[in-house]
1. So which of 173, 128 is surrounded by fewer than 19 Cβ atoms within 10 Å (Cβ to Cβ) and either at negative phi or without any contact (Cβ under 8 Å) to a residue 12 or more places away in the chain (or both)?
2. Quick one: count up the residues across segment 42-72 that are within 17 Å of residue 85 (Cβ to Cβ) and free of Cβ contacts under 8 Å to residues at least 12 places away in the same chain.
3. What number goes with the only condition from (1) crowded, with 16+ Cβ neighbours inside 10 Å; (2) outside the structural domain of residue 133 (by the TED database); (3) assigned to a helix (DSSP H, G or I) that residue 113 does not pass?
4. Please work out which residue is nearest to residue 216 (Cα to Cα), limiting yourself to segment 131-166 and to residues that are free of Cβ contacts under 8 Å to residues at least 24 places away in the same chain and assigned to a helix (DSSP H, G or I).
5. Contact list please: Cβ distance under 9 Å, first residue in segment 103-119 and closer than 10 Å to residue 146 by Cβ, second residue open to solvent by 70 Å² or more (accessible area, probe 1.4 Å), pairs at least six apart or on different chains.
6. What about residue 125, is it closer than 29 Å to residue 65 by Cα and among the small types (Gly, Ala, Ser)?
7. Go through segment 178-229 residue by residue and tally those that are modelled with pLDDT of 90 or more, among the aliphatic types (A, V, I, L, M) and either over 27 Å from residue 146 (Cα atoms) or part of a loop (DSSP other than H, G, I, E, B) (or both).
8. Select from segment 153-186 the residues that are of a type outside the set (A, V, I, L, M, F, W, C) and farther than 15 Å from residue 117 by Cα and list them in ascending order.
Amino acid sequence: MSIPEVVTAQWRHDFAAHGVPMAVLPDGCRDLICVQARGFAPRWMVTPLFDRAHLPRLICAETRMVGYRLHPDVRLDQGALLGAVAGRDPADRMAVEAALAAHACRDPALADALACLADAPRPLAQSARQCGLSLRSLQRLVGERSGRPPVFWHQLARIRRAGRMLDGERPLAEVALCAGFADQAHLSRACRRWFGLSPARLARAPELRWQLGQPGYDGMATGEQSSTR
């Protein structure tokens, strides 16, 4: 079964099987999630755009989450979407995906703007020119349609790019230069701000680095997977 156009990945995670939740790194995507906790009715929610690492909030240890990760350029009617899936079993994929098709859509203008911001490291004004917009127009378009300013997307793409290069083998100065940071110290500050730990610690955390390779903002592949959300 093909996934809806607005979905970049489907995922599921059983916290009882994996033990203590680990931090979830920001990826520029919102998710439609069904939380299934032992002894509780299924609960649907839409996550915000996180700007730092966070821990999932569990009702109890025996919790399973099933989610649809939405493309960064998706615009949705959150109230109508949640109303359409309320009480639905996540196994009823046809109904859930029909709700997504009815109440969410991709925004081509926003997609173009985000692609320019995620491209090679460059100043925001240059990204605006690449989109054929003034800086003010880019700020207005991205801010109004995504709920976050261009600088959020620009910095997120840069730190995700750097995080994927932190394999413990490349010098930090090289990673910083390739990802568009001024220097190693700049990279270290950004890594702590977005991910909550130093570049060295991130390089030694394969589970977190695995997250950075999953679909998210900056053009990673799409598909169905298990996740830590």
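The values are calculated or read from the model by the stated rules, or taken from the named source; none is laboratory data. Fair warning: this is a prediction, and the values are worked out from it, not measured in the lab. Every residue, glycine as well, gets a Cβ built from its backbone with ideal geometry; the counts of neighbours run over all protein chains shown. Side chains are part of the model used for accessible areas, which takes the heavy atoms of the whole protein and leaves out ligands, DNA and RNA. Shrake-Rupley method; radii C 1.70, N 1.55, O 1.52, S 1.80 Å.
1. Details: 128 fails: surrounded by fewer than 19 Cβ atoms within 10 Å (Cβ to Cβ).
Going through 173, 128 in turn, the sole match is 173.
2. Taking segment 42-72 as the starting set, the residues that turn out to be within 17 Å of residue 85 (Cβ to Cβ) are 42-47, 64-70.
Still in the running and free of Cβ contacts under 8 Å to residues at least 12 places away in the same chain: 43.
Number of matching residues: 1.
3. Of the numbered conditions (1) crowded, with 16+ Cβ neighbours inside 10 Å; (2) outside the structural domain of residue 133 (by the TED database); (3) assigned to a helix (DSSP H, G or I), the odd one out for residue 113 is (2).
4. Taking segment 131-166 and keeping what is free of Cβ contacts under 8 Å to residues at least 24 places away in the same chain, we get 131-137, 139-140, 143-144, 149, 165.
From what is left, the residues that are assigned to a helix (DSSP H, G or I) are 135-137, 139-140, 143-144, 165.
Numbers: 135: 25, 136: 26, 137: 25, 139: 21, 140: 23, 143: 19, 144: 20, 165: 16 Å.
Out of the qualifying residues, it is 165.
5. 107/75; 107/145; 110/75; 110/145; 113/145
6. On the way: closer than 29 Å to residue 65 by Cα: no; among the small types (Gly, Ala, Ser): yes.
Here the answer is no, as residue 125 does not meet what is asked.
7. The qualifying residues number 7.
8. If we filter segment 153-186 for residues that are of a type outside the set (A, V, I, L, M, F, W, C), which is where we start, we get 154-155, 158, 160-161, 163-164, 167-171, 174, 180, 183-184, 186.
Within segment 153-186, 163, 164, 167, 168, 169, 170, 171, 174, 183, 184, 186 meet the criteria.
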